[in-house]
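The values are calculated or read from the model by the stated rules, or taken from the named source; none is laboratory data. A quick note: this is a predicted structure, and the numbers were derived from the prediction, not measured. All Cβ positions, glycine included, derive from the backbone under ideal geometry; neighbour counts span all protein chains shown.
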Amino acid sequence: MKRPLAERDITTAKHPPRVISFSSGKGGVGKTNIVVNLAIAMADLGQRVMVLDADLGLANIDVILGLTPKYTIDNVFSGYVTLKDVLIEGPSGILILPAGSGVTELLNLGEGEKLFLLDEIEGLGNDIDIMLIDNAAGISENVMYFNLAAQQRVVVATPEPTSITDAYALIKVMVNKYKVNTFSLLINMARDESDALKVFRQLTLVTDRFLGTPAIDYLGFIPRDDTVSNAICLQKAALNAYPDSIASKAFMKLAENLLISRREGWSDGNIKFFWRHLLRV
């Protein structure tokens, strides 16, 4: 579904690449679906998008889209392939860096391996406008590292009480242990905007009372829509399988809003900065 927005100057704007991470306190909130559809929507709006599957134990972006990765980062370190060979192309030309056994050791690489990986990434940064990170659910150390390195951290929650509680737990750890104080909140599977705003108010009320410092922006919501789960069964993104569904329209609106908005400080980082921060080089 191509939706050029030349009148909003989205595709022609010159900005450093942005890195946005998506996390959730618990699984089953539809985070991976959001990342996949948002990536496709941004690509349809003229952006060069890469998705990093950072769910190291249960990678499934390639499964959702019916793709079969040929290589992993392991093969890069063996000198057998380059990082560009590991990338696989998805719908609308999005690039996907699939999780594999090699990614699990990213945070334990030797100094020489880190520098080698950064050299490989050097050539990627100039070809990408936006990188979206699909984190694992929960508050593991890997999730924290990817969030710390990103420029914008999106917390995904649903109206279920357990999801709200676990989203708070994720934010609490980021604030207290890692001193991160800015988040964006995206509500998935809401009945309507009133339902989504109720979740936002509940979460901000608790964070204001017990954490005090974090600033949480309301990013929007994706409505509950059976076409999303139907698309998964087809191993397609909802945007491709059901482009006129209410969920697909919400994904497009979210992509437009993210591309139009500019937060102070985003221009300070880019793809290479993200990897240097993540690898502590």
Restricting region 46-59 to residues that are surrounded by fewer than 22 Cβ atoms within 10 Å (Cβ to Cβ) and modelled with pLDDT of 80 or more, the one farthest from the chain's Cα centre (by Cα) turns out to be GLY46
Just wondering, is there one or more residues in region 191-198 that are in contact with a Pro (Cβ under 6 Å, 6 or more places away or on another chain), modelled with pLDDT of 95 or more and not hydroxyl-bearing (Ser, Thr, Tyr)?
-> yes
Checking GLY66, GLY123, GLY79 in turn, the sole residue that is modelled with pLDDT of 85 or more, more than 30 Å from LYS179 (Cα to Cα) and small (Gly, Ala, Ser) turns out to be GLY66
Margin query: Among the residues that make up region 229-238, is at least one of them crowded, with 19+ Cβ neighbours inside 10 Å and part of a loop (DSSP other than H, G, I, E, B)?
Written below: yes
Residues in region 132-176 that are β-branched (Val, Ile, Thr), farther than 25 Å from ASP195 by Cα and in a strand (DSSP E or B) total 1
Would a scan of region 179-199 turn up a residue that is over 17 Å from LEU254 (Cβ atoms), in a strand (DSSP E or B) and touching a strand residue (DSSP E or B) at 6+ places or on another chain (Cβ under 8 Å)?
-> yes
